[in-house]
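> Sharing a structure below in structure tokens format, with a few things to ask.
The values are calculated or read from the model by the stated rules, or taken from the named source; none is laboratory data. None of these values were measured; they are calculated from a predicted model. Positions of Cβ are generated from backbone atoms using ideal geometry, with glycine treated the same way; all protein chains shown enter the neighbour counts.
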Amino acid sequence: MKSQKVNFYSSLLLALLLFTSLNYAQQFAQERFSKVSTDTIKEKPIQFRRGIELQEGYQSYEQKYLGKNLIEEKRRLFPLQSTGVWTELNPKVPRVDYLGINFVNKDLPTGQAGTGWAVGDLGALIKSTNGGTSWTVSETNTTTPILKVRSFNGQIVIASGFGGLILRSTDGGETFTQVTSNVTGDLWGLQMLNDTLGWACGNGNSLAKTTDGGQTWQRIITPGYTSDYWWIDFMNENYGFIAANGKVLRTIDGGLNWEIIQAGDTYPLFSIDVIDSLHIAAGGYGGTGYSGKNIYSSDGGNTWINGGQLTNEAVNCIQYVNPDTGYIVMTNVSARKTTNRGQNWTTIQGISDNYELQFLLQNNIGYSVGTGLKINKADGSLDTWNRLIINDNFSDVFFVSEQTGFAISSSGLSAPSGLYKTIDSGINWERVTGAPSGSELYFIDSLTGFIGNYTIFKSIDGGVNWSPVNLVLTGEIRKIFFIDSLTGWTVTQWSPSSDSKILKTTNSGDNWLVQVENGIDAFTSLFFVDSLNGWTTSRYIWQTTNSGNNWIEKTNIPIYFSNDVYFTSIDTGFVIEFLDLYNTTNSGINWLAQLNSQYVIRTFGWLSNLHGFILGDAVYETTDGGSSWNEVLELRNIGLRKFQAPENYVGYSSGYLGLIYKYIDTTIVPVEFTSFNAEVDNDIVILKWSTATETNNLGFEVLRSTDSKDWHSIGFINGNGTTTFTNNYQFRDRVEFSGIYFYRLKQIDYNGDLNYSNVIEVSVSKPFSFELFQNFPNPFNSSTTIMYLIAQDDFVSLKVYDILGKEVKTLVEENKKAGYYSINFSANYLSSGIYFYKLTSGEYSLRKKFILIK
């Protein structure tokens, strides 16, 4: 009886100790979570419109940035200026909410075609000169949100923002200066009617006019109305409307007088479109559950009809393409289209969470911008929209070589594909059609890869096609790891219908067997140092020494709910636990705290067992196998989440809003470029480059592009194998036309490995001479080449004459752009003798003799 009592109390004591331990672990984890900075938590979207009711589920602009340093916010969300070590590959524009967009029409003079600007939070302003294919960042020297941007002629560009901000550019939006607006409201409405006349309006009764191209602005008072203005639209210099709170203001005399007209209910109208002199449409906030509304007038704004109910969100922008057909964009939901003046609306896919859209109807083109770096374009059909900038929240990245890699985003089973592929070291990315989205990405080799979401997909053709493997799961895959081409493991998190699991495959992922089920405690990571010894992380650290046949949960180790694990040898390993890094040197028997961060740290990424990174809201680097770690300050809080290295000198990192970085270890890069530049001699581009060291260098393929995207090989220069001496190289490229050219070098090793130089941009001006060159060969048998140079765009004639002056062949007779040309002349039908060829362009004419010998 005494023995039973002892056993009872012993069991009770063990239960209490276990409960205390679990309770402490949970409390410890909660404390850790409470230290997570708000930058790492998915925040509520921002409601940028101030002075109105705050929509449920949103935060105000002031709440978003309360206590934050806006300059620091701008630093972390704007593109990184390449250090030569870290380079931003995507998106290369500020990763903010965009609120306004404006493109000038395609029929403007040469050089302005396809030019446009987009603006957004933290003073973001970007410019495109090719219809949105690529963008550059213009410095605005402000952190104030910019709400609208407008240009009439493509050269003078005006932008407006919070607090009466007006910025002006006279060089097409390259540089901006701030001008005085004489108003203090947030300027949501902006329009330039011609080179000199423009209007701006905003909340707080802010209305301003310019008559000198935006250099000065005069505040305009509208008697009888003292509330908010949200949008302004003039059909011509005299006839225009303002959208206001439940009212519209109309002028027929260029703003000298304004008539105030009740338009529907009393809630705000955020947008108005003057379709023609009679037909006007407006949209805004409906008042019930922050639903949207739209109204329509067919009599010049005298009377208004309420449109069909929009139950989702307030209308941010309304634009009609004719009196019947119009589009609206809203935050948080997809765009809508009407073909009956707003009475009924259908959903337009591919465009959501938007603040503004613009149509260039003569070209059937549309643009839109919105939250989370959304910039979209419709080209040919206004019902089909595509993203101009990749803005996925990438969950993983994996490169099978320095050139070929993948990035993936996780959006759920029913979401469209979130897999992207690059074959040029991350310069360009293409969505892989038909591939699933996912949270985990792993390749055994260049052909065999895996995607994990709520099951596992496998590809055996380099990521082109993907098929689900023989596995039924409901918990999300958290890690996939292979020790060789056949043997691998994966771990999952818990779901309501499935415990978290460890699974193993021995046939390249075709079949998986469950090794451990762990209840509600999610597994977060997994690593094997060899075929026998592995570790995984969950509430506690788990270890196996027999290939996973048995797993031991290390409940005696006070490390809880860790994020990632990595071992550089069977003895030495590391674990990340939110803010802390732990290290073991005795195969996990003991763990010591090595690093405590102010910022949440999440995952490891290693180039070798000596050189690795910790990724998170802070990024740390070790070059001595983890003995010491140093923060990479320029990467703090920018959003990098994963890092993977195909070689020991190059790695790629991915993160939120399309973020992809490239890392180069310049201490061991195979070929070290010390310079790469170009000179221009008339129509010849002279490329020069130098290397400080070379290892196994076969040579350099010279690549040229006219848009920095499509590259063409134009030559090859042999390398010097392996050398520690400085080597200088040169390549001459004769171009046919004036314009902008891009060059880069593809360095090739003897084993086939590739490395790319930086890209240089070269401007080739029009030639300064009119020349006709001697043909070659000369004399010739049957065919020869004739080259010529014209100094300006003109009509060109090139003809062949016999010795008597009779025309025997017309080689060219058409308009030509200024540039260098060559043409092959076949004389199979002519007899031997002396001939002449004559070039005429404008007032210039040249003639040369050549000899045909058969």
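> Taking region 675-715 only, how many residues are of a type in the set (A, V, I, L, M, F, W, C), in contact (Cβ under 8 Å) with a residue 40 or more places away in the chain and closer than 25 Å to Asp749 by Cβ? Give the derivation first.
First, pick out the residues of region 675-715 that are of a type in the set (A, V, I, L, M, F, W, C): 676, 678, 680, 684-687, 689, 692, 698, 700, 702-703, 711, 714.
Now narrow it down to the ones that are in contact (Cβ under 8 Å) with a residue 40 or more places away in the chain: 676, 678, 680, 684-687, 689, 698, 700, 702-703, 711.
Now restrict to residues that are closer than 25 Å to Asp749 by Cβ: 676, 678, 687, 689, 698, 700, 702-703, 711.
Matching residues across region 675-715 total 9.
> Would you confirm, using the coordinates I've provided, whether Tyr296 is modelled with pLDDT under 95 and either hydrophobic (A, V, I, L, M, F, W, C) or surrounded by 20 or more Cβ atoms within 10 Å (Cβ to Cβ) (or both)? Talk me through it step by step, then tell me what you get.
Numbers: modelled with pLDDT under 95: no; either hydrophobic (A, V, I, L, M, F, W, C) or surrounded by 20 or more Cβ atoms within 10 Å (Cβ to Cβ) (or both): yes.
Judged against the criteria, Tyr296 is not a match.
> Hey, another quick one. Looking at this structure, is Phe676 aromatic (Phe, Trp, Tyr), surrounded by fewer than 18 Cβ atoms within 10 Å (Cβ to Cβ) and assigned to a strand (DSSP E or B)? Explain how you work it out, then say what you get.
Values: aromatic (Phe, Trp, Tyr): yes; surrounded by fewer than 18 Cβ atoms within 10 Å (Cβ to Cβ): no; assigned to a strand (DSSP E or B): yes.
It is false that Phe676 is aromatic (Phe, Trp, Tyr), surrounded by fewer than 18 Cβ atoms within 10 Å (Cβ to Cβ) and assigned to a strand (DSSP E or B).
> Criterion first (free of Cβ contacts under 8 Å to residues at least 60 places away in the same chain, polar (S, T, N, Q) and buried (at least 19 other Cβ atoms within 10 Å of the Cβ)) does Thr584 satisfy it?
Details: free of Cβ contacts under 8 Å to residues at least 60 places away in the same chain: yes; polar (S, T, N, Q): yes; buried (at least 19 other Cβ atoms within 10 Å of the Cβ): yes.
Here the answer is yes, as Thr584 does meet what is asked.
> Sticking with this structure for a sec: Assuming Leu382 fulfils every condition listed in (1) buried (at least 22 other Cβ atoms within 10 Å of the Cβ); (2) in contact with a Gly (Cβ under 9 Å, 6 or more places away or on another chain); (3) within 30 Å of Phe152 (Cα to Cα) apart from one, which condition is it?
(1) is the only condition that Leu382 fails.
> Here is a follow-up. Which number in (1) within 30 Å of Ser713 (Cβ to Cβ); (2) touching a Phe, Trp or Tyr at 6+ places or on another chain (Cβ under 6 Å) marks the one condition that Gly462 misses?
So Gly462 meets the others, but not (2).
> Return the total of residues in region 660-673 being touching a residue at least 40 places away in the same chain (Cβ under 8 Å), assigned to a loop (DSSP other than H, G, I, E, B) and of a type in the set (A, V, I, L, M, F, W, C). Give the derivation first.
Taking region 660-673 and keeping what is touching a residue at least 40 places away in the same chain (Cβ under 8 Å), we get 660-666, 669-671, 673.
Filter again for assigned to a loop (DSSP other than H, G, I, E, B), leaving 665-666, 669-670.
With the extra rule that they be of a type in the set (A, V, I, L, M, F, W, C), the set shrinks to 669.
Qualifying residue count for the region: 1.
> Going through Leu657, Leu687 one at a time, which residue ends up being over 21 Å from Phe731 (Cα atoms), crowded, with 19+ Cβ neighbours inside 10 Å and at pLDDT 90 or above? Spell out how you get there, then give the answer.
Working: Leu687 fails: over 21 Å from Phe731 (Cα atoms).
Matching residue, one of Leu657, Leu687: Leu657.
> Next up: Within region 808-827, which residues are surrounded by fewer than 16 Cβ atoms within 10 Å (Cβ to Cβ) and closer than 15 Å to Pro777 by Cα?
Answer for region 808-827, where residues must be surrounded by fewer than 16 Cβ atoms within 10 Å (Cβ to Cβ) and closer than 15 Å to Pro777 by Cα: Ser822, Ile823, Asn824, Ser826.
Listed here are the residues, each with its yes/no results for (1) within 19 Å of Tyr844 (Cβ to Cβ); (2) of a type outside the set (Gly, Ala, Ser); (3) outside any loop (DSSP other than H, G, I, E, B); (4) in contact with a Ser or Thr (Cβ under 8 Å, 6 or more places away or on another chain).
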| residue | (1), (2), (3), (4) |
| --- | --- |
| Val796 | yes, yes, yes, yes |
| Val808 | no, yes, yes, no |
| Leu811 | yes, yes, yes, no |
| Glu814 | yes, yes, yes, no |
| Phe825 | no, yes, yes, yes |
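> Moving on to the next point. Provide a single number: the residues in region 584-604 that are part of a strand (DSSP E or B) and closer than 23 Å to Leu633 by Cβ.
As a first pass, look at region 584-604 and keep what is part of a strand (DSSP E or B): 584, 592-596, 601-604.
With the extra rule that they be closer than 23 Å to Leu633 by Cβ, the set shrinks to 593-596, 601-604.
Looking only at that region, the number is 8.
> Looking at Asp392, Asp445, Asp396, Asp461, which one is surrounded by fewer than 18 Cβ atoms within 10 Å (Cβ to Cβ), among the charged types (D, E, K, R), touching a residue at least 24 places away in the same chain (Cβ under 8 Å) and at negative phi?
Details: Asp392 fails: surrounded by fewer than 18 Cβ atoms within 10 Å (Cβ to Cβ); Asp396 fails: surrounded by fewer than 18 Cβ atoms within 10 Å (Cβ to Cβ); Asp461 fails: touching a residue at least 24 places away in the same chain (Cβ under 8 Å).
Answer to the selection: Asp445.
> Taking only region 723-752 into account, find how many residues are among the charged types (D, E, K, R) and surrounded by 16 or more Cβ atoms within 10 Å (Cβ to Cβ). Don't jump to the end; show me each part of the working.
At the first step, the residues of region 723-752 found to be among the charged types (D, E, K, R) are 732-734, 736, 744, 746, 749.
If we keep only those that are surrounded by 16 or more Cβ atoms within 10 Å (Cβ to Cβ) as well, we get 733, 744, 746, 749.
Selection size over region 723-752: 4.
> Here is a further query. Would you confirm whether any residue within region 19-42 is surrounded by fewer than 17 Cβ atoms within 10 Å (Cβ to Cβ), in contact with a Leu (Cβ under 7 Å, 6 or more places away or on another chain), of a type outside the set (S, T, N, Q) and at pLDDT 85 or above?
no
> If I go through region 734-767 residue by residue, how many of them are touching a residue at least 40 places away in the same chain (Cβ under 8 Å), under 27 Å from the mean Cα position of the chain (by Cα) and either more than 30 Å from Pro646 (Cα to Cα) or not in a strand (DSSP E or B) (or both)?
Here the count works out to 6.
> Go through (1) under 24 Å from Asp683 (Cα atoms); (2) modelled with pLDDT under 85; (3) surrounded by fewer than 18 Cβ atoms within 10 Å (Cβ to Cβ); (4) more than 40 Å from the chain's Cα centre (by Cα) for Phe770 and report which single condition fails.
Result: Phe770 fails condition (3) only.
> What about Ser765, is it within 30 Å of Thr129 (Cβ to Cβ), of a type in the set (S, T, N, Q) and either at pLDDT below 90 or not assigned by TED's automatic domain parsing to the domain that holds Trp711 (or both)?
Numbers: within 30 Å of Thr129 (Cβ to Cβ): yes; of a type in the set (S, T, N, Q): yes; either at pLDDT below 90 or not assigned by TED's automatic domain parsing to the domain that holds Trp711 (or both): yes.
Criteria met by Ser765.
> Being part of a strand (DSSP E or B), over 16 Å from Val333 (Cα atoms) and free of Cβ contacts under 8 Å to residues at least 60 places away in the same chain is the filter here; which residues of region 344-378 pass it?
Across region 344-378, the qualifying residues are Phe359, Gly366, Ala378.
> So how many residues does region 773-794 have that are part of a strand (DSSP E or B) and either assigned by TED's automatic domain parsing to the domain that holds Thr706 or without any contact (Cβ under 8 Å) to a residue 40 or more places away in the chain (or both)?
Start the filter on region 773-794 by keeping residues that are part of a strand (DSSP E or B), which leaves 776, 780, 783-790, 794.
Still in the running and either assigned by TED's automatic domain parsing to the domain that holds Thr706 or without any contact (Cβ under 8 Å) to a residue 40 or more places away in the chain (or both): 776, 787.
Selection size over region 773-794: 2.
> May I pose another question? Which of the residues that make up region 83-121 are of a type in the set (Ser, Thr, Tyr), modelled with pLDDT under 95 and touching a helix residue (DSSP H, G or I) at 6+ places or on another chain (Cβ under 9 Å)? Break it down stepwise before answering.
At the first step, the residues of region 83-121 found to be of a type in the set (Ser, Thr, Tyr) are 83, 87, 98, 110, 115.
Now restrict to residues that are modelled with pLDDT under 95: 83, 87, 110, 115.
Of everything in region 83-121, just one residue is of a type in the set (Ser, Thr, Tyr), modelled with pLDDT under 95 and touching a helix residue (DSSP H, G or I) at 6+ places or on another chain (Cβ under 9 Å), namely Thr83.
> For Thr695, are the conditions met, namely being surrounded by fewer than 13 Cβ atoms within 10 Å (Cβ to Cβ) and within 30 Å of Gly612 (Cβ to Cβ)? Steps first, please.
Details: surrounded by fewer than 13 Cβ atoms within 10 Å (Cβ to Cβ): no; within 30 Å of Gly612 (Cβ to Cβ): yes.
So Thr695 does not fit the description; no.
> Taking the residues in region 496-521 that are small (Gly, Ala, Ser) and touching a residue at least 40 places away in the same chain (Cβ under 8 Å) as candidates, determine which candidate is surrounded by the most Cβ atoms within 10 Å (Cβ to Cβ). Before the answer, list the steps.
At the first step, the residues of region 496-521 found to be small (Gly, Ala, Ser) are 497-498, 500, 508-509, 519.
Still in the running and touching a residue at least 40 places away in the same chain (Cβ under 8 Å): 508-509.
Working: Ser508: 18, Gly509: 26.
So the residue we want is Gly509.
> Next up: Kindly indicate whether any position in region 214-230 is touching a residue at least 60 places away in the same chain (Cβ under 8 Å) and surrounded by fewer than 19 Cβ atoms within 10 Å (Cβ to Cβ).
no
> Same structure again: Take the residues of region 529-545 that are of a type in the set (A, V, I, L, M) and surrounded by fewer than 20 Cβ atoms within 10 Å (Cβ to Cβ): which is nearest to Ser569 (Cα to Cα)? Let's see the steps before the verdict.
Residues of region 529-545 that are of a type in the set (A, V, I, L, M), as a first pass: 529, 532, 541.
Narrowing further to those that are surrounded by fewer than 20 Cβ atoms within 10 Å (Cβ to Cβ): 529, 532.
On the way: Val529: 6, Leu532: 12 Å.
Of everything passing the filter in region 529-545, Val529 is nearest to Ser569 (Cα to Cα).
> Filter the strands (runs of 3 or more DSSP E) completely within region 439-508 down to those with at least 2 residues that are closer than 28 Å to Ile423 by Cβ.
440-443, 449-452, 456-459, 477-482, 488-492
> Mind listing whichever residues of region 560-581 are surrounded by fewer than 18 Cβ atoms within 10 Å (Cβ to Cβ) and part of a strand (DSSP E or B)?
Within region 560-581, just Asp580 meets the criteria.
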